[in-house]
Structures are given as structure tokens and as C-alpha cells.
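Student: Here you go, one structure.
Nothing in this text is a laboratory measurement; each read-out follows from the coordinates by a stated rule. These numbers were taken from a predicted model, which means no experiment stands behind them. Cβ coordinates were reconstructed from backbone atoms using ideal geometry, including for glycine residues, and neighbour counts include every protein chain displayed.
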Amino acid sequence: MRVIIFMTQFYCLSGAERLAVELAEELNKRGIHTDILSMYTEDLPGVKEAKQELLARGIPNIYFLGMKIHPPVRSLFPAIFKLRRLIQKQQYDIIETSMMSPSVIASWATLLGNTRHVTGVHDVFRWERQNLAQHKFWIFSLRCNRRNRYYTISEYVHDAWKNYSRISDRYGRIIYNGIPNDCFDAVSERHSVLKEFSIPDNGRIILYVGRLAKRKGCDTLLEALAPILDQHNLYLMYTGMLDPNVAGSTQMLYDMQQQVEDEKLGHRVQFVGYRKDIPRLMASTDLLVHPALIEGFGLVLAEAMAAGLQVVASNVDGIPEVLESTDSIMVPPNDVHTLRDAVLKTLHHSPSEKSQAIEKGKKRAEKFRICNRINNMVSLFQDILSGKF
């Protein structure tokens, strides 16, 4: 079996991109030749370094389709033919995509060919939200290639996708996201983390992990905690980069930074950007808060539980599925007061309550080990190639 993972980019990993890279790495470890294809060019900042790192970690080949970021529609046609030539030359059996633009290109490039296209659905899609011409063309492209298959990351996403795409669920499977072993192996380095971020020994750290996007409720978290940071000696740490592609996110971040400045909370609230040591931070902090408004799975929730970190999250979409059978507190989205109460309640857990919550979280996280996801992906690929699916 020969596989190629087609993604937008791999130099700034978050969510679906990281899952794509991990899939390529793990498949190669199992002896399944798996290459990576980026939609963009090699001359973007950080790409050459990221490429060398991936090659050193066992990825045989990394290719570039050469498209611009936010490419014009006319560039799709040469991209389709270029991809078609690549998959024919390299004789790939499977091409996997997890993002809209790559899945459109792959659907047409594999039409009437031998290579099978598998697309991962990682988001909650609804026509009242995603109804632009590009979304309609995406669904049209997927439907035109009847040999396409898909997988979704949760039961909630599966049901939403079936209603959105009108593609029969007999062409899809549910495969939960997977988290790497370093989340389970994370060890607290609290002293060094406190020192790095100039936080006193008695301070308590509230951690947010993910892209800074309006749909993630970042501003709700700040609004909820700003009034109590000094009173309860709390420090709020945002990790992740701004996602300017999500409507309202750029203005949201500006307003948040302005609030921090106006209320003189610079010593209490930090935006630390993209980090490669998330498991270390999770194992060294006091609470993860994930106040998303829309969330198909919530990979950071599974990661936090594996690292032994308590969780407060919104009670939306696929999150209850991930936090099932745990003591994590879930609250309505955009509810500032309930979120604040949930954070304080969790921070004031007794030692036994905290220990029990962490134990339940770690047990639940076992379901999401990366080996389980890879086993299911391999089975999916094998069933497709054998004609069982």
C-alpha cells in the first residue's frame, strides 16, 4: 500500500494539520510508504526547516503543489492535473485529505483513476454557517466522485455531515482523533514554567490551548476571568496563533489585548503564541478551559486529560462525547458567569476530588490513544482497497 497525505501546510501545526502529520509518521513506522503533499510552495517562512524535520522523522518524500495561499479559482485546474500526474507517477493507492481545498482538488484528480480518495471531516458543518459558493462546490466535487470515502471524528460530526452533505453514511466511518504518547508521558515542570512566564510560586495557571478564533470563545474566557484574576491569584495563559480566516477573530484579539491593557492585566494575562511543548505546559498548570462555541471533537480536551489536567469546557457539539464518564464541568457557551463559577469550583476541589477527576480523565483519554486511530485508519484503507467499503 502506498499513501500520500495531502494537506494545506505542515509548518504551523494545529488540529487537523497535526493529525495529518502524525498519520504519515505512524503509517511509515508500520511499513506503509506514506508521503506528504503541501498545497503551497516551499519558499514560505519556516517550511524548509519543517520539511527537514519531517524527513528526519521518517517521511520518505515531501512534495509541494505550488499554489498560493488563498488561491484564485483558476489555479485549481492546473493543480488538479499536477496532482493527477503525481499520483499516477508514484502509483499511490490512497490519497487522504482533511481540509476543504485539498479534498476538492483530490476529488477531481482521482476521478476515473486507480487512486482512492479518503477525506476526513473534522468540523461541524451546517448550511446556515457554511453556505458560500466554495462550500457548495466542495460538496459537488465530493459527490461527483462516487468512489470517494470519508471518515468523521465523532458521532456528532457524523450526523451533522450526513445532513449537510447529503452523502450516504454508508460511505463513511467514525474514527476518533488520536493523541500522541507524549501527552500520557508528560511530567510536570511547574517550577521552570512558573519561572519562564514570571509567575510566582503561589500563582495558579489557567490554560487555553488552540487557535485564537472567535468560534473558540477566547473572549468569553477573558471576560469571565478578568474580574477575579487578582482576587484569586490566577494567571491566564493563551497558547496558539490568531486564525484570521475565522470571521471576527482579528477584531476579537484586538479587543482582548485592549482590555488587558486598559485593565492593567498584563502581568496576569499572557498570549504566548504557537508552542511545541503543549504536553509539558498541560502537566505543569492547574486547569484547561475550552469555552468553544463550535467544536466537533476538541483534541485539546483529550490531551489535557492524558496529561493529568482538569478540564472545564462548553457543553456543545462533540465535546460531551469526548468528556463522557469524567468529572469535567461543562457549561453553556457564551455564559460568562457560569463559566467563572465552573472555573472556581474546579480550582477549589478537595485533594480527593481532584485526584478522582484526574484519574477519570486519564482513563477516558486511553480511548483516544494514537495507536487506536492508526489501527482504524489502516483498516479503513484496507477495506477500501479490497472492495469491502
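Student: Could you work out how much longer the chain between Ser325 and Lys388 gets when fully extended? Use 0.36 nm per residue separation minus the Cα distance between them, nm to one decimal.
Tutor: On the way: separation 63, 0.36 × 63 = 22.68 nm, distance 3.38 nm.
My answer for the length gained is 19.3 nm.
Student: Of Ala213, Gly318, Ala292, whose Cα points farthest to the positive end of the dipole of the chain (charges on the beta-carbon: +1 Lys, Arg; -1 Asp, Glu; origin at the Cα centre)?
Tutor: Comparing the listed Cα positions along the dipole, Gly318 ranks first.
Student: Also: Take each of the peptides 237-243, 161-167, average the number of other beta-carbon atoms within 10 Å over its residues, and list them starting from the highest.
Tutor: 237-243, 161-167
Student: Would you mind ranking Trp127, Trp138 by Cβ crowding within 10 Å, fewest neighbours first?
Tutor: Fewest-to-most Cβ neighbours within 10 Å comes out as Trp127, Trp138.
Student: Between exposed GluC sites (Glu not before Pro) in the chain, where DSSP calls loop and at most 16 other Cβ atoms lie within 10 Å, what's the longest gap?
Tutor: After excluding every exposed loop site, the longest remaining stretch is 43-127.
Student: With a cut-off of 8 Å between alpha carbons and a minimum separation of six or more residues, what is the relative contact order of the chain in percent?
Tutor: It rounds to 14 percent for the chain.
Student: So for region 93-236, if I pair up every lysine 8 or more residues apart or on another chain, how many of those pairs have alpha-carbons under 26 Å apart?
Tutor: 5
Student: FRET efficiency for Ser379 and Arg2, Cβ-Cβ distance as r, R0 = 25 Å, nearest 0.05? Mind showing how you got there, number by number?
Tutor: Working: r = 17 Å, r/R0 = 0.69.
The formula returns an efficiency of 0.90 here.
Student: Please report how far the C-alpha centroid of region 343-357 lies from that of region 72-127, rounded to the nearest whole angstrom.
Tutor: 47
Student: Cut-off 12 Å, label point 7 angstrom out along Cα-to-Cβ of Val272: give me the residues of region 230-249 whose amide nitrogen falls inside.
Tutor: 235-240, by backbone N distance to the label point.
Student: At a 10 Å Cβ-Cβ cut-off, how would you order Leu112, Leu76, fewest neighbours first?
Tutor: Starting with the residue having the fewest Cβ neighbours, the order is Leu112, Leu76.
Student: Then there's this: Simple spin-label model, 7 Å along Cα-to-Cβ: His349 to Val246 in nm?
Tutor: 2.5
Student: May I ask for the distance between the Cα centers of region 306-321 and region 207-266, given as a whole number of Å?
Tutor: Using only Cα atoms, the two centres lie 19 Å from each other.
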